[in-house]
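Structure first, commentary second.
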Amino acid sequence: MPDWSAANCDANGINIHYVRTGRSKPPVILLHGLIANGACWTFVARDLETEYDVIMPDARGHGTSGKPECGYRYQDHANDVIGLIEVLELDSPVLIGHSMGGMTAAVVASRHPKLIRGLILADPTFLTPDVQQTVYQSDVAEQHRRALHTSFDKLVAEARARHPDRPPELLELLAQARLQTSMNAFDVLVPPNPDYRQLVRAIEVPCLLVFGDTSNVVSPAVAAELQRVNPTFRFEQIQGASHGLHYDQPERFAAVVRTFLHTVF
């Protein structure tokens, strides 16, 4: 990424680290999920950088952004994004969020519609209360605690065994991101999440939901339900992709993203 810049800014009272591809193009902000960071969007950003100013922040508790002891609710993450937009003086960016970042983006869009131009939700954490409770009571946080005591090389090897088709560079980025994720970041899993139906109902900007055909988070039934809640809501399914759809199919995902962006810029 020779032409990309890395910087830090004070947004919402916290230090936010971000990587940016270029300033003289329409702005697009990429919001990552839990245990990732901004750099995990590298493959998608490479595909978009010729046309767009791509900004990839590390969420609080992730990467090299601030890691406070508390304040990891979705409203906190949303306020960080709003602060970033204001500090960087971005003119009506499009938000693209994956998983946790997708829910964060939906919160921003539903509560501050005039701040952004459009929204892409990549398999966001739109979970029912029962599923939220199941995830919270699972050992996902304990798995991360153990990972923090695992070497980088071992994490990469384990990821390669699980995802042999993913590029080595991506596996290394994901392993590094996991090692940089604070245990406190898992507080975002504490129920209840914002009601995703209410969020979608309130969204006024163009919005696209994207999910993989083997996702265990968003299903075609959920997508159809959300379209009934908000008839302007669009959705698209990517074949050969799991919850990490932009990791499994970065070129297909970027193509879907570009098509949407061409309709709003």
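Can you sort ASP80, ASP130 by solvent-accessible area, 1.4 Å probe, largest first?
Per-residue accessible area, sorted high to low, gives ASP130, ASP80.
Extending each Cα 7 Å along its Cβ direction at THR214 and ALA147, get the distance between those two points in nm, one decimal.
Here the answer is 1.8 nm between the modelled labels.
Calculate, in nm to one decimal, what LYS154 and THR259 gain on full extension: separation in residues at 0.36 nm each, minus their alpha carbon distance.
Taking 0.36 nm per residue and subtracting the Cα distance, the gain is 34.0 nm.
Taking the Cα centre of the chain as origin and charging only Cβ (+1 Lys, Arg; -1 Asp, Glu), how large is the dipole, in debye to the nearest 20?
Dipole size: approximately 240 debye.
Can you sort PHE233, PHE43 by solvent-accessible area, 1.4 Å probe, largest first?
PHE43, PHE233
Taking R0 as 30 Å, what FRET efficiency do you get between GLU86 and THR64 from their Cβ-Cβ distance, rounded to the nearest 0.05?
Approximately 0.90, to the nearest 0.05.
Top to bottom by accessible area (1.4 Å), largest first, where do TRP41, TRP4 land?
Largest accessible area first, the residues go TRP4, TRP41.
Starting from the Cα-Cα distance between ASN184 and GLU236, subtract it from 0.36 nm times their residue separation and give me the gain in nm to one decimal.
Computed gain between ASN184 and GLU236 is 15.4 nm.
Cβ under 12 Å from LEU155's Cβ, LEU155 left aside: what net charge do those residues give with Lys, Arg +1 and Asp, Glu -1?
Value of the local net charge: +2.
Over the chain, give the accessible area per residue in Å² for a 1.4 Å probe, as an integer.
44
The values are calculated or read from the model by the stated rules, or taken from the named source; none is laboratory data. What you see is a predicted model, and the numbers here were worked out from it, not measured in a lab. Cβ sites come from the backbone with ideal geometry, for glycine too, and all protein chains shown count toward neighbours. Only protein heavy atoms, including side chains, enter the accessible area calculation; ligands, DNA and RNA are left aside. Shrake-Rupley method; radii C 1.70, N 1.55, O 1.52, S 1.80 Å.
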